[in-house]
Amino acid sequence: MTPRNGTMTKVINHIIAAALLPLFAAGASSCGKGKASLPEDNWDPAVHEAITRMISDFGKDSPTYDSSCKPYAVFDYDNTTVMNDIALTTMIHQIETMDFSFTEENIFEALTFPIPDIDRPLEYGDTSINFTSRQLATDIEKDYAFIMKNFFKGREVPDLEGMHQSEEYLDFRAKLWGLSLGVDNTFESATGCVWIATLFDGMDEEEVKNVVRRNLDTATAEKSLHTERWTSPDGKMTVSVTKGLALPKESVNLYNTLRENGFDVYICSASMETVVEAMACDAQWGLGMEPGNVFGIRLSPTPDGKVKAVGDPSYDQTYREGKTECIRKLIAPLHGGRGPALVAGDSNGDFSMLTSFPEDLKVGLIIDVPRTGDIQKLKEKASAMRGAVLDGSAQYPLFVVQGRDDASLQYIKSDRSKTQQ
């Protein structure tokens, strides 16, 4: 698939915007005076204090503000901007509705061609699960053929109820999810991040976005984040999936308050760029993002514009250190080479971009999702400086943690989350 917002287009759009800025400066100076305050909502008090202080010190009403070289913020998307993962909830939707473009003849090839070694045993951290990618894809292929024949072909309306009760469907869903987990666990991050695009094989960009939109209708209707266990009828594969997706009002208000105070806002996600754009750039959700400010996993162009799960080799894919390289190469040059003033994330995949710009970073915002490793150490650092953030004595950069409640799909006034067990 050819992304409609390639690297060069994004850079050119920002250059044009910068060139036009002086033409509007005079008119803009006569309206919108006074900084917009970030609503308290359910922010932890230390988070609200840190962001408010940053806006006061570096926003458009500060004496050092330069409208030709704006400060900026970079947000992760999954479990940071939104609660849960947009790519994984879309995968759940596709499995439960068969919202794929596969044929019975090409599903095996589509699911396996990005995998370096389909005969390598997949890793699960559970010795009772023993599969290769070839074995799983073979079972998935058989299940899919049965499902298409018995519940879709010759019907104006698919028999989803009957499908959901069939052993072939129960096998399909557990083993397709299991294949995704196995690829993530076994191969380099580059393989896993691109593999999930196989689920859109044969679709064009607008078709991908329509699949995501259909997922959003379902996922955002859930009342909580909750886990289901999917087990194949043969008992050989059991996986856990988390349902539900929410865009907290705090995310919407923060994005817009930053813009109102003269900051530019970017998303840097390890989900597929087109998938994130389908929500973040849709006016109904209120984030106000333009495609040129959204960076995610990007695929190589294809002659027919259809998805093929091949990563674009000319682009630093946006996972782990790739997020930092994306900021350095594609975002910072638009801001005089400076790093972001605010970075927000939740996982070890965000640790690099949270810590790689110490001279420019003012606020590192971490959403409290259960993690181990480097991000947990950074959360501990944030907890240690919480009191100093609240009394104003902490020096930049300020690291803060925001809690949430999975059961109510809301933020809470705490730096500790309430998570579903």
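Taken together, the values in this text are just the output of simple stated rules run on the coordinates, not laboratory data. From a predicted model like this one, the values you see are computed outputs, not experimental measurements. Cβ coordinates were reconstructed from backbone atoms using ideal geometry, including for glycine residues, and neighbour counts include every protein chain displayed.
Residue order for V369, V208, fewest other beta carbons within 10 angstrom first, comes to V369, V208. Spatial offset of the stretch 289-313 relative to the stretch 186-208 amounts to 10 Å, using the alpha carbon center of each. Separation of the alpha carbons by more than 28 angstrom is noted, of K35/K381; K35/K209; K60/K329; K329/K362; K35/K249; K377/K418, for K35/K381; K35/K209. Each of K149, K175, K209 has some number of other Cβ atoms within 10 Å of its Cβ, and from fewest to most they run K149, K209, K175. Sorted on the mean count of surrounding Cβ atoms within 10 Å across their residues, most packed first, peptides 232-238, 260-266, 220-226 read 260-266, 232-238, 220-226. Taking only C-alpha pairs under 8 Å that are 6+ residues apart, what is the relative contact order of the chain in percent? The value is 23 percent. With respect to the chain, whose longest principal axis is taken over its alpha-carbon atoms, helix 45-58 is tilted by about 60°.
The value of relative contact order for the stretch 207-356, using C-alpha pairs under 8 Å at least six residues apart, is 15 percent.
Note on P(r) over Cα pairs in 10 Å bins from 0, in percent: of the candidates [x] 4, 21, 31, 24, 13, 6, 1, 0; [y] 4, 16, 20, 19, 15, 12, 8, 4, 2, 1, 0, 0; [z] 5, 22, 28, 21, 13, 8, 3, 1, 0, the value calculated from this structure sits at [x]. When the charge dipole of the chain is built from unit charges on Cβ atoms (+1 for Lys and Arg, -1 for Asp and Glu) and taken about the Cα centre, the candidate among V194, M385, L88 whose Cα reaches farthest toward its positive end is M385.
Compared with the dominant principal axis of the Cα atoms in the chain, helix 205-219 is inclined by about 90°. Taking the C-alpha atoms only, the angle from helix 86-97 to the longest principal axis of the chain is near 30 degrees. In the stretch 172-271, Cα pairs under 8 Å separated by at least six residues give a relative contact order of 26 percent. Spatial offset of the stretch 351-391 relative to the stretch 119-139 amounts to 37 Å, using the alpha carbon center of each.
Along the Cα-to-C-beta direction of D57, a point sits 7 Å from the Cα; which residues of the stretch 392-420 have their amide N less than 13 Å from that point? From the stretch 392-420, the list is 392-400.
Taking the number of Cβ atoms within 10 Å of each Cβ as an exposure proxy, the fewest-first ranking of L122, L342 is L122, L342.
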